[in-house]
Every structure is written in structure tokens, then in C-alpha cells.
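Written below as C-alpha cells is the structure these notes are about.
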């Protein structure tokens, strides 16, 4: 006799759901002839009592009395082409030996983040990193990444660092289960389960519990208990919770354009066990390849709902603050635009403040952010490579020498316009990211770190340091939401890799205590980010690039908020000489505070800083299309910021 349908209602979610007295299971496998649930609770015995009941929608359901939190299970599926185990596509967690699914109660973790409010979109400063290669130390404080890789709870040791850096959001590379030992995360197969190699066993919990509770106690929050950190899902929750307590938002990088690569026999690939062959018969996927995996079957209502449920799951059970959607242009190319619209509308209804960021490599980026009612994708922000390419191009020209051809035109265009975007902050701007710097990419697909672009012969030279500061200043003082990639904030000059086997490519934390150039640059970045957070006109104001003189290699632009009285002028130079008395237009006469000078940060505090003594006076008389002018000292390879002092 099939299993009981007690507690099975129309609104019971997919996967495993703990209820009074047991657990309800639900699997979508419309073409299967039998589906059993085998697990610890029935001694993994396949009998009539383990057989689920199929409804008209192709959903198999059943209630198992006595099934408990922490017990393991799998589905046994019989279909037209094969029989055997299948993992639950909605499993909240997997264990790392036999890849069994784990029943988890998402309500066990006691959240502390009720007072947290995610930043407005224009206030985002995003920090992108890879969990497994970012940071881990052992009990003696030595780097542990070479031995085991980093895990979710290792990141607790970087929370205060990120607060001091000043970023307002972190964006880890995808965290869902992938089948390979190491990965960037873009080949996931189990979309509701955090990667189990990023979790720690019960025997290691005590030291992490102490770290979490120290951070919570510093903010007046109640301590966690050991059971709150049991399992990778709760460990991820704890990391997100502590980040929220420290006012840092968390954006998940989700991959809805494809899945997998190496699916194996027990994944959601051919979940209802039709005969392997035509990938269009696999239920979730098409026969179209992308990035080593298969594109989702967007024509199928159940597949679209699976992906939308996944995003809702992360909102509801992990309190994430938004998403970076990988390669939306691929989704569009393979017929998924209506899915994108349904996804963004669902998330906006559920969490209006959740940032929805599209990686959309289409020249008409406005289609990503237009509302679905106007045919758009409904995203809030879109990745933009104009600043990246333009600034890198200018650095490369400067690095060719003082007599080499040079042009600001690309930078001026990238700063001064955002074609089709109603607000400049709709664009997510960056100089480095995971794709650009991945060591395993071909030479054609990867680009060097910024200090290497700035001086290919010596990424620690004055030329590299000073030009890198200009590049960062243009990013942080420009329009768009800035994104930093791990290590960029302290002048890391190597490519990166997701494998701990490439130990020489791990970001070099020890350099902050041994390399003066790195520690000085980190100070520069902290204070530059603090300035961005202080100046409303930079985060949400308008922009006018009014001086871009190629001969002198000086560029100047005005940031302001109409009617607010807030005016900021940014001056950048990629010249190798200092200019004294350089006459520039200013938006109004009066006293302007020199609130930032990047030259100060070279050999902090730079004893030979060239600057303006903290302020300048602008006089009435028009120049460069503005009503006032000032004579400014502009250091070589530097960026200056002036704010009007009423």
C-alpha cells in the first residue's frame, strides 16, 4: 500500500517539508512509473510503504511519520529508460560521502538581523569573492587554504575587515552544490543545497562558534549554540546573519542559464528516468550547450517554477538581499525572456528592496532594466563593461610612456553617458571581476590585474601604484554601482584560480604586513570608499565631463544633485609630471575643499605630496563651459576631489 497522504496539501512545497510527526516529500517526475523515498527513517528499504502517490500534475507525494531533521534520504525512481536513485532537486543539504539528501528544518537557526535594512541600489558598493579560495586560517593563525580550502565559517574572520573596507554588499561566487572538487561555482547541479565542501564537520564547530559569538556579542546580540551551526546550510545562514548584523548586504550569484556539466546518474538530469539520449527529453534541460553544461528548458512551466522557487528560497530561508543573475543574455538567446520577466516580477513582489542585477551582454542594455510591461526584463541594475574597458585602455596608453599616443575619449564617454539607462547607478561598473582574471581562461579571454596594466614591467613600481589609484578613483567617483574583486583593494597583481592546488595564485593576505605598497593601497581604498559613501552627489548625482585634454592627460568632471547645493569636482591625471597652476573650470565661484588627494597615499603619509593645501578658491569667469575657474596643483598620476564649501 502506498505511503500516507496525510499532511499533503496543494501548497506543500517541493522537496522535503517537516510537519508535525514526520516529513512530507514531493517530487516532480511526470513520466516516472514509480517513485519511492528511501532513507534513515525506513532503513533504506524499498517496500509498498515507501511508494509515493502520483497526481495529475506529475507530482509524487507522501507523508513519512517519524522522519526527522538531520536524517538522510534519496528518491528511488523507476522510469521508461532506467531505475535507480535520484537526489531531490529541492534538497536543502547534501552530505559529502554518498551525496545523500538531508532533511533540514530551516527554522532552527535563530536569526539576529531583524533590524538590518539593505542599502538602496545607488548606495551599493559590491565586493565579489570566491568562498573556497578567499580566506582561511588554522588554529595557529597560519593560512589554511593550501591544505583544505576555505569554508563559509572561515569568512567570519573577514567580517570586520570588510566593515573597515567600507563595502556595503558582498557577492560570493555561486555557492550551490557542484560535482567537481573545485569550481568557480558556475557548474552547479543541486540548486537548493549549499556546496558541502564549504561546510565543516561537527567536530570542528567549537572554534567557529566562538568566532561567531564574539562578533554577535560585540553588537549586543544573543549567542548561538552548537546545534545552530550544524550542517552547511546553517553555517551559511550564520555567515549571512553576522554580515547583516554588521550592516553588510549579501547578494547571491545565481546561474539560471545552464546547469552542470558532469551531472552523474543521480542528479535532476533525466529525473524521471527516460532513456538517455535526446537531452530535450531530460525534463529540465534542452540539447543546447553553454559553458560546459546544458541550457534550461524555459518552455516548461515546471522548469520555470523550479528556478523561480530557487530565488524565493534564498530570499525566505537565507535572507539574501538580492541576486546577480549570470548571463541573462544566454537566457534570452534560448527563449527565456518571459521567464526573466516572471522571475523579476515575482522577486520584486516578494522583496521590493532586493537588488536584481543582470549580466546582460547586449548593446541595448536598457532592455534589461525596462519593466516587463514595456517588454523589458525588469531587472534593477545591469553589468556594464564600458568603464572597465575605457580605464584599462587609458592605463595601457599611459604605461607606454610619456611620449606615447594618449586619449581620454573612451573614459569621458564611459563616465559621461549611460545609453538607455534612466539613472547612472543602473550600471554596475568594475575594473576587475572573476571572469576577467581567471588563470585557466585563454589569453584571449583573460586580462591582467590593474597594477600589471598600469606597469607591465613592475606592478609594485610608483607608476603601477599611482596609476592604479587613478583607476580606482575613476571607478569610485564615477557613475554606476562599483564592484571590486577580492584582492583588488590591496593591489593584488596575480590572476586567481578556484583550486587550492594553484597555491601561487591565492590572494596574498600576508602582503598586508610585509609589503608597504599593499598596506598603503588598502588605506587609500578604505578612505576612497568612505568618501564615496559620504558624498551623495557621487552616488546618485548627475555628471558632466567638461575637460578631457589628451595633451596634458588631465580629465575633470562635475557631480551634482540638482537643487541640493551639493557640488563635487573630480580631477584625474595620468601625466608623469605635476602641474602647478593648472586652470580649470568650476561650477561656481567660492571656496572648494580638497577632500581627497591620492598622492598622499604613496608611502603614507607621502612626505613630498603635491597638493592644494586643503582648499582652493574659484573665481568668477567662465572657462570650459562653467561659470568659474580655479588654478589647481595636480600631482602626477593622481586623482583629486573637491567639494564646494558654502
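Values quoted throughout were computed directly from the atomic coordinates according to the rules given, and no laboratory measurement underlies them. All values derive from a computational prediction rather than experimental measurement. Cβ coordinates were reconstructed from backbone atoms using ideal geometry, including for glycine residues, and neighbour counts include every protein chain displayed.
Distance from the Cα centroid of region 509-564 to that of region 419-490 is 13 Å (rounded to whole angstrom).
The share of Cα pairs per 10 Å bin across region 57-206, counted from zero up to the longest distance, runs 9, 29, 34, 19, 8, 1 percent. For region 425-536, the calculated P(r), taken from all Cα-Cα distances in 5 Å bins from zero up to the bin holding the longest distance, is 2, 12, 21, 24, 21, 13, 6, 2, 0 percent.
Over all alpha-carbon pairs in region 15-102, figure out the percentage whose distance exceeds 20 Å.
Numbers: 1002 of 3828 pairs.
The proportion of pairs with Cα distances above 20 Å equals 26 percent.
Of interest is the spacing of the C-alpha centroids, which for region 34-83 and region 568-587 amounts to 71 Å. Here the peptides 233-242, 374-383 are ranked by packing, the mean other Cβ count within 10 Å, and the order with the highest first is 233-242, 374-383. The Rg/Rh ratio for region 582-630 is 1.10, where Rg is the radius of gyration of the alpha carbons and Rh is the Kirkwood radius. How far is helix 301-318 tilted, in degrees, relative to the longest principal axis of the Cα atoms in the chain, given as a value from 0 to 90 rounded to the nearest 10? For 301-318 against the chain, the angle is about 70 degrees. Projected onto its three principal axes, the C-alpha set of region 58-99 covers 33, 26, 15 Å, listed from the longest axis down.
Note down the relative contact order for the chain as a percent, whole number, built from C-alpha pairs under 8 angstrom at least six residues apart.
On the way: 1447 pairs, mean separation 63.2, N = 646.
Rounded, it is 10 percent for the chain.
The peptide list 473-480, 183-190, put in order of mean Cβ contacts within 10 Å with the highest first, becomes 473-480, 183-190. Per the Debye calculation on region 468-514 with a single equal scatterer at every Cα and no solvent contribution, log₁₀ I(q)/I(0) for q = 0.15 Å⁻¹ amounts to -0.50.
The angle between the Cα long axis of helix 516-534 and the main principal axis of the chain comes to about 90°, on a 0 to 90 degree scale.
Give me the percent relative contact order of region 15-102, please, defined on Cα pairs under 8 angstrom at least 6 residues apart. Answer for region 15-102 is 31 percent. Taking the square roots of five times each eigenvalue of the Cα gyration tensor of region 212-318, the equivalent ellipsoid has semi-axes of 38, 14, 11 Å, listed largest first. The angle between the Cα long axis of helix 205-218 and the main principal axis of the chain comes to about 50°, on a 0 to 90 degree scale. Out of every Cα-Cα pair in region 398-448, what percent are more than 15 Å apart? The proportion of pairs with Cα distances above 15 Å equals 67 percent.
For n ≥ 4 DSSP H runs only, could you compute -39500 (n - 2.57) per run for the chain, divide by its residues and tell me the 222 nm figure to the nearest 500?
Numbers: 17 runs with 159 residues, N = 646.
So the calculated ellipticity at 222 nm is -7000 deg cm²/dmol.
Quick check on region 606-646: what does the Kirkwood estimate of hydrodynamic radius come out to from the alpha carbon pairs, in Å? Can you show the working numbers first?
Numbers: mean 1/r = 0.0839 Å⁻¹.
Answer for region 606-646: a Kirkwood hydrodynamic radius of 11.9 Å.
Please compute the volume of the convex hull spanned by the alpha-carbon atoms of region 317-453 and report it per residue in Å³.
On the way: hull volume 19.9 nm³, N = 137.
Convex hull volume per residue, Cα atoms: 145 Å³.
Tell me the relative contact order for region 536-644 as a rounded percent, counting alpha carbon contacts under 8 Å between residues six or more apart. List each step's numbers first, then the result.
Details: 272 pairs, mean separation 34.2, N = 109.
RCO, region 536-644: 31 percent.
When the Cα atoms of region 173-266 are aligned to their principal axes, the ranges along those axes come out at 45, 30, 18 Å in descending order. I'd like the distance separating the alpha-carbon centroids of region 313-376 and region 85-145, in whole Å. Using only Cα atoms to place each centre, the spacing works out to 22 Å.
The convex hull around the C-alpha trace of region 536-644, projected and averaged over every direction, spans 6.7 square nanometres.
For region 86-147, the Cα-based Rg and Dmax, in that order, read 17.8, 45 Å. Within the set [x] 1.19; [y] 1.47; [z] 1.04, the number that Cα Rg over 2.2 N^0.38 Å takes when calculated for this structure is listed as [z].
May I ask for the Kirkwood hydrodynamic radius of region 274-365, worked out over all distinct Cα pairs and given in angstroms to one decimal? Spell out each step's value before the answer.
Working: mean 1/r = 0.0705 Å⁻¹.
Kirkwood radius, region 274-365: 14.2 Å.
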